[in-house]
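Asker: This is the structure, below, for whatever I ask next.
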Amino acid sequence: MSYLISTEEECHTTQQFDRSLYFNKTQLKAQGWKDCHISEFLSQPDRTRRNGRECLYIRSRVQTVFNSDTFPRAEVESVLQRRESRRNRKQLAEIELLTQAHPTVPRNQIEKVVSEKKRIYRDQELGYNTGVATATYWRQLGYQPNQPVWWYGYAVEESNLAPVYSKSALQEVDDERSPDDVWADYYNRHGSREIALAEILRFSNRLQKVIRHPGFYLLKDYWITLNQEYLREGRISRQERKECWSCNGTGQFRYDSCRKCDGTGVYSKRKLYEHRFDIQGREYCFHSYREPQNITDTPGADLGFYGGAFQASELPLPPQSLLVRAVRIGLVEIFGGPVPEADVRRNERWRYSIFWSEE
Ligand SMILES: [Zn+2]
């Protein structure tokens with residue numbers, strides 16, 4: 001009887017397990033091995049993991065077996081070749097399909113997309129509403145992609161492919177102009193303070209979907225309140241309910257009715273309204289939780305997002321932070337001060353409630 005243990009066993013028992021020294025079956029099959037090769041030439045695994053469900057084979061042993069005279073290397077190589085040609089055929093078919101769909105794009109660019117396993121975004125998948133677009137598009141809205149960028153596909157841009165960027169990779173462009181410059185620009189363009197302000201609000205409201213500016217909604221609701229005399233129609237867009245967390249919306253807590261929600265199961269509810277204004281003959285539609293002066297029976301559109309595409313004449317936009325400050329200037333010019341100040345350090349709602357209770 002011997003108390004000596006072999007080097008291999010020693011490596012299993014006393015030294016730390018190094019996974020990189022082993023192949024499992026999936027890795028062997030990726031190299032063209034078949035089950036019959038594994039069972040015939042490697043027989044027992046050198047180690048098992050996951051309760052015997054994963055068999056591990058020492059790499060150096062696999063290499064020795066592969067190089068031995070009896071091993072059918074040609075079989076393994078032909079498996080790899082068949083796999084390779086199947087992959088090539090699939091890629092070729094994909095390239096053909098994309099070339100037909102985008103005939104203006106050069107073929108080498110399409111080949112690059114396929115080899116990178118990326119995809120080409122369709123037009124309706126792009127824009128501020130979906131949060132994915134090309135750098136050119138984002139720059140028109142006052143944003144630029146950060147470095148390093150996170151891009152995950154391409155879009156067709158003037159018969160070339162341009163990488164797309166998600167809104168999480170954006171920052172505002174540097175703009176030399178002051179908020180007064182921006183305000184003056186919109187005022188000169190429309191020749192009316194009221195229209196200029198409504199236009200800036202409209203754009204700024206859309207840009208909130210890209211990166212939320214903390215002070216914007218306070219100013220928007222302030223404008224909506226002060227313009228109620230121009231309200232043409234108010235509608236209810238949707239009712240939002242927050243379920244009570246204490247009782248999971250059942251209204252029952254142990255053997256009593258839930259105190260957090262008075263047994264209703266609803267922690268809070270609020271309505272989203274649609275305000276349709278007529279500002280000097282132009283129609284403006286904004287959504288807000290602020291209740292309109294009058295509400296018609298017509299339900300408002302209940303959509304995941306609101307706001308259409310930008311017109312070429314409306315672009316490029318100044319960055320959102322400049323727009324929001326221009327809104328403030330417009331509000332002071334039209335309605336006089338003071339304009340409510342968003343207290344960003346605390347909660348936006350805190351000042352908001354003071355403001356409304358003073359009214
Ligand atoms: Zn409750």
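Asker: Looking at (1) among the polar types (S, T, N, Q); (2) under 30 Å from Val173 (Cβ atoms); (3) surrounded by 13 or more Cβ atoms within 10 Å (Cβ to Cβ), find the lone condition where Gln311 falls short.
Answerer: Checking Gln311 against (1) among the polar types (S, T, N, Q); (2) under 30 Å from Val173 (Cβ atoms); (3) surrounded by 13 or more Cβ atoms within 10 Å (Cβ to Cβ), the one that fails is (3).
Asker: From (1) of a type in the set (D, E, K, R); (2) under 30 Å from Pro145 (Cα atoms); (3) buried (at least 17 other Cβ atoms within 10 Å of the Cβ), pick out the condition that doesn't hold for Arg235.
Answerer: All conditions are met except number (2).
Asker: Whether any residue in segment 211-234 is within 29 Å of Phe277 (Cβ to Cβ) and within 16 Å of the ligand (Cβ to nearest atom) is what I want to check.
Answerer: The answer is no, given that none of the residues of segment 211-234 is within 29 Å of Phe277 (Cβ to Cβ) and within 16 Å of the ligand (Cβ to nearest atom).
Every residue, every condition in (1) at pLDDT 90 or above; (2) under 28 Å from the mean Cα position of the chain (by Cα), yes or no:
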| site | (1), (2) |
| --- | --- |
| Tyr255 | no, no |
| Tyr267 | no, no |
| Glu274 | yes, yes |
| Gly307 | no, yes |
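Asker: Which condition number in (1) of a type in the set (Val, Ile, Thr); (2) out of contact with any strand residue (DSSP E or B) (no Cβ under 8 Å at 6 or more places or on another chain); (3) over 16 Å from Arg328 (Cα atoms) is the one that Val210 fails?
Answerer: Going through (1) of a type in the set (Val, Ile, Thr); (2) out of contact with any strand residue (DSSP E or B) (no Cβ under 8 Å at 6 or more places or on another chain); (3) over 16 Å from Arg328 (Cα atoms) one by one, Val210 breaks only (2).
Asker: Tell me which residues, restricted to segment 238-260, are touching a strand residue (DSSP E or B) at 6+ places or on another chain (Cβ under 9 Å) and either within 16 Å of the ligand (Cβ to nearest atom) or part of a helix (DSSP H, G or I) (or both).
Answerer: Within segment 238-260, Arg241, Lys242, Glu243, Cys244, Trp245, Ser246, Cys247, Gly249, Gly251, Cys258, Arg259, Lys260 qualify.
Asker: Asp297 passes all but one of (1) within 23 Å of Cys285 (Cβ to Cβ); (2) at pLDDT below 85; which number fails?
Answerer: (2)
Asker: Can you name every residue in segment 116-174 that is under 13 Å from the mean Cα position of the chain (by Cα) and not hydrophobic (A, V, I, L, M, F, W, C)?
Answerer: Glu125, Gly127, Tyr128, Asn129, Thr130, Gly131, Tyr152, Tyr165, Ser166, Lys167, Ser168
Asker: Which condition from (1) of a type outside the set (D, E, K, R); (2) under 26 Å from the mean Cα position of the chain (by Cα); (3) within 16 Å of the ligand (Cβ to nearest atom) is the one that Gln311 breaks?
Answerer: Failing condition for Gln311: (3).
Asker: Looking only at segment 203-232, filter to residues that are under 28 Å from Leu170 (Cβ atoms) and surrounded by fewer than 15 Cβ atoms within 10 Å (Cβ to Cβ); which one of those is modelled with the highest pLDDT?
Answerer: Here the answer is Arg212.
For (1) among the aliphatic types (A, V, I, L, M); (2) in a loop (DSSP other than H, G, I, E, B), each residue gets a yes or a no:
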site	(1), (2)
Glu233	no, no
Ile236	yes, no
Tyr267	no, no
Tyr273	no, no
Glu283	no, no
Glu291	no, yes
Gly300	no, yes
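Asker: Within segment 261-284, count every residue that is acidic (Asp, Glu) and within 16 Å of the ligand (Cβ to nearest atom).
Answerer: 1
The values are calculated or read from the model by the stated rules, or taken from the named source; none is laboratory data. The shown structure was predicted, so the numbers you read here are calculated from the model rather than taken from an experiment. Positions of Cβ are generated from backbone atoms using ideal geometry, with glycine treated the same way; all protein chains shown enter the neighbour counts.
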